[in-house]
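Chemist: One structure, as structure tokens, below. Some questions next.
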Amino acid sequence: MADKRILVTRSSMPPLEEYVAEIAPLWESHWLTNMGVKHQQLEADLKRYLGVDEIALFTNGHNALECVLEAMGLRGKVITTPFTFASTTHAIVRKGLEPVFADVREGDYTLDPEKIEELIDDETCAIVPVHVYGNLCDVDAIWDIAKRHHLKVIYDAAHAFGVRREGVSAASFGDASMFSFHATKVFNTIEGGAVCFRDANLKKLLEQWKNFGIMGPEDVEYVGGNAKMNEFCAAMGICNLRHVDDEIAKRRIVAERYWERLEGIPGVRLSRPAPGITPNYAYMPVVFEDECGTTRDEVFLALRERSIFSRKYFYPLVSDYACYRGRFDSSKTPVAQHVADRVLTLPMAADLPLDDVDRICDVIDELASR
Ligand SMILES: *Cc1c(COP(=O)(O)O)cnc(C)c1O
């Protein structure tokens, strides 16, 4: 029992028979990809679940983000956060845009609206904030700034599937929101992603950009790529979506056990949902402040010795990546730097046994109270 491995996450899967029943018709149709029946059904199911009118599905969240940046025809500078996964910044850079990093807020690690405006200049075209750990950005303040300066807002909502504010889905803020349906996310299609958006005209553009820019059999208008979700991934999504509310309810029990056990340990900062927010319990981030009896790295190693695998997520800051060396100055985003140096995401999954949560919390409690 002592060396049973606890991984940082565990992918949600439907019962095998349910998936087999979902894909069985594909053996009759032999239609495996290119916006088939499963693709169309998942689009409809997700529109209903997310409460949006417009959605486009993709091979993964990253391609979805690249595609929407391209389809919007953006040029110039994009204000974004360095406290994110590689994908957010890489998508901006790979589309020929220039990332400009603004700092994050202390409380929820999302882009600080008060740090955005001073960075806007004539070349700024968009803001790409991230709903970090499913914590919703200050969407009203960001929208306000964007409208005043005629900027597009594209959310990286990869962590925010199912999150709502006063009943309104995270998918409905800004001009567009990208979701990731990667195996490790709250809702998965094995690999997959989507963009939800406001302007109905974007739909056709996104469909073309994800399919080589093909408009018709003899008409290719854009130098598009290939980012179409296939039928097997769509079928996985159809099944997983039926169970996602149960999965989130189970995650809630795990999260509440963590919070109950860790709250009150001096120097341990937890990330609780803000008032009015329906959370998805996607991650269990813990920040070990300097007054804590232990450090992030010490906890990381102590857990690893016991075959418990946590993750320094997000560390390092994107602005400190080797591939961006010399281009950015991370000391200009001190809050992001502070958090990246001290944060650890603990194992979190719908079926994580509470005994395992207790074992993890015992380790932290012991180290912190020496
Ligand atoms: C997972 C993730 C992505 C990328 O999604 P993929 O589906 O893996 O391409 C982008 N941004 C953030 C914040 C993520 O966590």
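Please treat every number below as a calculation from the coordinates, not as lab data. Quantities reported herein were computed from a predicted structural model and do not represent experimental measurements. With ideal geometry, Cβ positions are generated from the backbone for all residues, glycine too; neighbour counts draw on all protein chains shown.
Chemist: Test PHE197 against the criterion of being more than 16 Å from the ligand (Cβ to nearest atom), buried (at least 22 other Cβ atoms within 10 Å of the Cβ) and within 30 Å of LYS147 (Cα to Cα), and give yes or no.
Modeler: Spelling it out, PHE197 is indeed more than 16 Å from the ligand (Cβ to nearest atom), buried (at least 22 other Cβ atoms within 10 Å of the Cβ) and within 30 Å of LYS147 (Cα to Cα).
Chemist: Are any residues in segment 64-91 within 12 Å of the ligand (Cβ to nearest atom), surrounded by fewer than 24 Cβ atoms within 10 Å (Cβ to Cβ) and closer than 19 Å to VAL223 by Cα, and if so, which ones?
Modeler: GLU66
Chemist: May I pose another question? Taking segment 337-358, which residues are farther than 30 Å from ILE79 by Cβ and either part of a strand (DSSP E or B) or without any contact (Cβ under 8 Å) to a residue 60 or more places away in the chain (or both)?
Modeler: LEU346, PRO353, ASP355
Chemist: With the condition kept exactly as written, say whether any residue in segment 18-25 is in contact with a Ser or Thr (Cβ under 9 Å, 6 or more places away or on another chain) and hydrophobic (A, V, I, L, M, F, W, C).
Modeler: no
Chemist: Taking the criterion of being in contact (Cβ under 8 Å) with a residue 60 or more places away in the chain and out of contact with any Gly (no Cβ under 8 Å at 6 or more places or on another chain), would at least one residue in segment 208-222 satisfy it?
Modeler: No; the residues of segment 208-222 include none that is in contact (Cβ under 8 Å) with a residue 60 or more places away in the chain and out of contact with any Gly (no Cβ under 8 Å at 6 or more places or on another chain).
Chemist: Okay, moving on. Within segment 313-336, can one find any residue that is part of a loop (DSSP other than H, G, I, E, B) and over 30 Å from VAL78 (Cβ atoms)?
Modeler: No, segment 313-336 has no match at all.
Chemist: Among the listed residues TYR109, TYR133, identify the single one that is within 15 Å of the ligand (Cβ to nearest atom), over 23 Å from LEU57 (Cβ atoms), outside any loop (DSSP other than H, G, I, E, B) and aromatic (Phe, Trp, Tyr).
Modeler: Only one candidate qualifies: TYR133.
Chemist: Only strands (runs of 3 or more DSSP E) wholly contained in segment 138-249 count here; list those with 1 or more residues that are among the aromatic types (Phe, Trp, Tyr) and in contact with a His (Cβ under 8 Å, 6 or more places away or on another chain).
Modeler: In segment 138-249, the matching strands (runs of 3 or more DSSP E) lie at 152-156.
Chemist: Right, here's the next one. Output the number of residues of segment 112-128 satisfying the condition of being outside any helix (DSSP H, G or I) and either closer than 17 Å to GLN337 by Cα or in contact with a helix residue (DSSP H, G or I) (Cβ under 6 Å, 6 or more places away or on another chain) (or both).
Modeler: 3
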